[in-house]
Structures are given as structure tokens and as C-alpha cells.
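Below: one structure, written as C-alpha cells.
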Amino acid sequence: MTAPRQIAVFDVGKTNVKVALVDRVTRREVAVETAPNHVRRDGPYPHYDVERIWAFFEDAVTRLAATHPIDGISITAHGASIVLLGADDLALPVLDYEHDGPNALTAEYNALRPDFAETLSPRLPNGLTVGAQVHWLQQSFPDGFADTRYILTYPQYWAWRLTGIACNEVTSLGCHTDLWRPVERTWSSLVARTGWARLMAPVHDATVPLGPLKPALAARWGLAAGTPVACGIHDSNASLLPHLLDHRRPFAVVSTGTWAISFAVGASTDGLDPTRDTLANVNVFGDPIPSARFMGGREFELLTDGAPAAPAPATVDQVLEEGLMVLPAAVPESGPFQGRPARWTGDPGSLSPETRTAVASLYLALMTDTCLGLIGADGPVIVEGPFAGNALYCNAVASLTGRGVRASTESATGTSVGAALLFEAAAGVGAATPETTAPGLEPARAEALTVYAADWRRGAEGA
């Protein structure tokens with residue numbers, strides 16, 4: 001059977017949601033509709049407004065179907081989220097992972113969780129460790145938890161709404177959840193110890209379509225009966241998938257958005273350090289991938305005061321020569337320098353938007369270089385997502401790493417394209433995604449960056 005070509009991808013980002021119509025063969029977004037992703041502050045705790053997201057999906061796909069053929073549906077969503085599903089609706093609201101509620105049970109949960117050596121999942125604050133979310137919800141809201149029929153990873157919640165089939169999937173289970181053993185490819189000891197095993201929906205291979213779209217939805221949206229639906233994939237792993245299909249190991253991918261997540265494909269998981277926010281993610285084929293994270297998009301927004309302006313070469317030279325820099329971490333709750341507040345070498349309020357953008361771009365490049373070093377990355381570095389359009393960042397990473405940097409030019413984010421490729425991933429082949437090569441900084445500027453980077457590292461490490 002021929003794989004569907006025109007794929008409507010339901011893409012749930014932390015900041016925005018979108019429906020992208022992707023031509024799977026050309027790997028291009030044919031049409032896109034977007035909306036902000038709001039966190040609701042009512043109810044028992046901050047939670048995602050899933051009904052608002054669903055209403056947006058329904059409206060957007062109906063409009064797209066009126067003017068474009070749609071042959072299949074896929075889903076991608078951010079990690080660190082879990083769904084407690086009742087008989088036919090949510091048993092409890094879907095917790096916003098930035099909520100600090102789970103911290104109240106830190107000591108209790110830490111006594112339950114497996115060692116890092118088993119799960120390769122670091123203990124993260126707030127709700128970023130999914131096991132801590134589930135434990136807090138169970139202890140704090142026992143009545144709602146008692147109504148839970150299935151525990152689902154977040155992309156697969158949307159797949160359930162589309163098909164009525166409940167499942168889990170390894171890329172989300174492998175995203176710092178404490179629920180999965182990446183090397184053994186099975187549930188962690190936490191799942192059995194807590195009794196959650198009876199609630200865990202079956203694990204489904206994301207490269208195999210989950211089932212047909214519900215007939216009522218197909219009729220309402222103007223789609224063909226039996227339109228196939230993929231079970232979905234974690235967003236950073238969606239970004240990784242095209243490169244797994246296209247490139248030989250070893251190589252590294254830096255997937256950017258709200259988070260900047262570095263993947264060292266072909267590297268060993270030995271030596272990962274949970275105190276530096278390194279971990280193993282799990283790719284769509286079930287393989288553990290050494291990874292490192294920091295909240296790069298959020299940090300860039302903070303450091304540029306939400307008003308970035310492309311710097312001229314003279315501005316970059318001024319920043320390098322004067323040593324204008326910000327030391328980590330702009331978001332100290334995550335990344336390789338956790339617990340350290342950001343420190344500017346000067347007064348950021350006195351800097352022009354162009355200067356702040358240059359400083360912020362170099363900060364991101366230095367953080368990326370740090371992350372790549374921590375996970376033993378080798379081979380070319382592929383930058384995917386919004387940072388791919390930041391020439392200073394890409395050239396600085398090329399100069400810092402001494403390896404080729406390729407900026408993926410497919411779209412503003414590769415998550416939608418990657419999710420669409422679930423329909424061909426089983427074949428293990430694909431048409432190469434367009435990329436441009438970042439040559440690195442000019443020699444004099446690269447030499448100045450070497451001095452600048454040494455000063456930054458001394459400051460970042462507290463030397």
C-alpha cells in the first residue's frame with residue numbers, strides 16, 4: 001500500500017500549536033495555521049487547555065481540507081507531559097510541567113524513583129520528570145487518580161481523540177520520564193513498584209499507522225473515510241527523524257524552539273551526567289540517544305527582551321573585543337549550569353537591541369558547544385528549527401566545534417515534517433532535507449571568539 005503523501009500534522013508546542021499540511025515527498029509545509037498555546041490557571045493547578053487546542057485543530061483541519069487533499073494525519077507534541085485518561089474523558093487536567101506542585105513531594109518521590117543508571121533520566125524540578133508528575137497527582141488528587149483508566153504520553157492522547165485507540169510510544173516515554181529503561185527497551189522498575197503498570201496503555205510502534213480516523217470526525221472535517229492516523233511522536237524526536245533517514249553516523253542534531261536539545265547520534269550513553277541535564281532520549285526506532293538540553297528559545301527571548309535585531313558585523317566585533325557577555329543561566333532551572341543566575345558583564349539596559357542580540361546569539365552558541373561536548377558529539381552538526389536562521393549563532397557553533405554546521409532550511413521548525421515522515425520511516429529511506437552550510441566566522445573574528453569563549457567558560461564554571 002502506498003504511503004499517504006499529504007499529511008495534516010497536529011503540532012502541540014509549549015508556546016504555540018499549529019496544524020501543518022506537509023507534502024511528505026517534498027518535505028515541505030504546504031499550508032500552516034497557528035494559535036497560541038494558553039495555560040489555564042483555574043482548577044486545581046495550572047493545566048493545558050486541551051479543549052481549546054482541540055477546537056483549533058478541528059477548525060484548522062476543516063479549512064485546510066476545503067482547499068487541499070489530506071491523505072493522513074500525524075501528531076507531534078512537547079515532552080514532559082502525561083495524560084490520566086478516564087473512561088471517556090480526562091480523569092484529571094493535563095498538568096503544565098512548569099508548575100512547582102510536584103516539588104512538595106520531592107523527598108518522597110526521590111525514595112521511589114530508579115537510579116539514573118537504569119533510566120538515563122535525570123531528576124528535574126517542577127513537573128519536568130514525568131514520574132514525579134504522576135506521583136504528585138496520585139497523592140494529591142486520589143479521587144481523580146482512582147478514575148484513571150489509562151496513562152498516556154501526550155502525543156498519544158491526541159491520537160486517542162482521533163482514533164479512539166489508547167497507546168503509548170517510546171520517544172515520549174524516553175523523554176526524562178523515569179518510566180522507561182532505554183537500553184532494555186521496557187518499563188522501568190518504578191512502573192511496577194507504584195502499581196502503575198496496570199494503567200499503562202500498550203506501547204505502539206510509531207512507524208506503523210495506529211488506525212483510521214473516527215468516521216464522525218472524517219465526515220465533519222471533509223476527509224475520506226478510513227483516513228490513516230499515525231500514533232505520534234515527541235517533538236524533538238520528530239525533528240531528529242529526517243536526519244536519521246538521511247545521514248550516516250556519527251552526527252549531531254540541535255533541535256531548537258522553546259528548548260534547545262542536542263542529540264549525539266552514534267555516541268555512547270556512558271558518562272552521561274544528570275547534574276548537567278544530560279540524559280538519553282529514545283529515537284523512533286527505540287534506540288537511546290545521548291542528549292543535552294537547555295531552554296534556549298526561552299533564554300534568547302529573555303536576553304533580547306523579546307525584541308531581537310540582527311547585528312551588523314561591526315556590532316559583533318565590538319561585543320567580542322569588549323568582552324560583552326552573559327554568563328549562564330538565563331533559565332537556571334535547566335541546562336548544564338543549573339542553579340546559577342544569569343550574570344551580564346555590563347549593564348544590559350544600556351545596550352542596543354543589536355548588541356543584546358549579538359550577546360544572546362553568542363551565549364546560545366557557547367551553551368550549545370558545552371552541550372555537544374558533554375554528550376560526546378562527533379561529526380557534522382545539523383541545526384534545526386528557529387536557530388537555523390540565526391547566522392551568527394550557526395557560524396559561531398561552527399567555529400567553536402571545529403566541525404561543519406548545516407542549517408536545516410526546510411521550515412521554521414522541523415517537527416511537523418518529521419511527524420509526517422512517520423508514514424515512511426519504516427522504509428529507512430527518504431529524500432534529503434534541504435540544508436545550507438555555515439562556514440564559520442571569518443578568521444580574525446574566529447580568533448577573537450576563541451579568547452571570548454575561554455573567558456566565558458571560566459566565568460560559567462566559576463573558575
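Read the figures in this text as sums done on the coordinates, not as results from a lab. The shown structure was predicted, so the numbers you read here are calculated from the model rather than taken from an experiment. Here the Cβ is made from the backbone with ideal geometry for all residues, glycine too, and neighbour counts use every protein chain on show.
Below are the figures for this structure:
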quantity: Relative contact order [Cα under 8 Å, 6+ residues apart], the range 236-460, whole percent; calculated: 26
quantity: Global form of the range 194-259, assessed from the alpha-carbon gyration tensor, a/c cut-off 1.5; calculated: oblate
quantity: Inter-label distance for Thr450 and Ala312, nm, one decimal - labels placed 7 Å from Cα along Cα-to-Cβ; calculated: 2.9
quantity: The chain: relative contact order in percent, alpha carbon pairs under 8 Å with at least 6 residues between; calculated: 15
quantity: Three-way shape label, the range 268-420, alpha-carbon gyration tensor, a/c 1.5; calculated: prolate
quantity: Alpha-carbon spread of the range 6-231, three principal axes, descending order, Å; calculated: 55, 40, 30
quantity: Amide H contacts under 5 Å for Leu210, placed H, 5+ residues apart; calculated: Val229, Ala230, Cys231
quantity: Value at 222 nm in deg cm²/dmol, rounded to 500, when DSSP H runs of n ≥ 4 in the chain each add -39,500 (n - 2.57); calculated: -10000 deg cm²/dmol
quantity: Segments 162-173, 339-350 sorted - mean Cβ within 10 Å per residue, highest first; calculated: 162-173, 339-350
quantity: Between the range 119-147 and the range 236-310, the alpha-carbon center distance in angstrom; calculated: 24
quantity: Taking the range 6-231 and dividing mean pair separation by its residue count, relative contact order in percent (alpha carbons under 8 Å, at least six apart); calculated: 19
quantity: Three-way shape call for the range 68-154 based on the alpha-carbon gyration tensor, with the a/c threshold at 1.5; calculated: oblate
quantity: Under 5 Å, built H, 5+ apart or other chain: amide partners of Gly13; calculated: Lys18
quantity: Among [x] 26.4; [y] 21.0; [z] 30.0, the entry that matches mean projected area of the Cα convex hull in nm² as calculated here; calculated: [y]
quantity: Of the DSSP H helices in the chain, those whose Cα atoms cover at least 30 Å axially and whose Kyte score averages 1.0 or more; calculated: none
quantity: Amide H partners (placed H, <5 Å) of Trp180, local residues excluded; calculated: Ser188
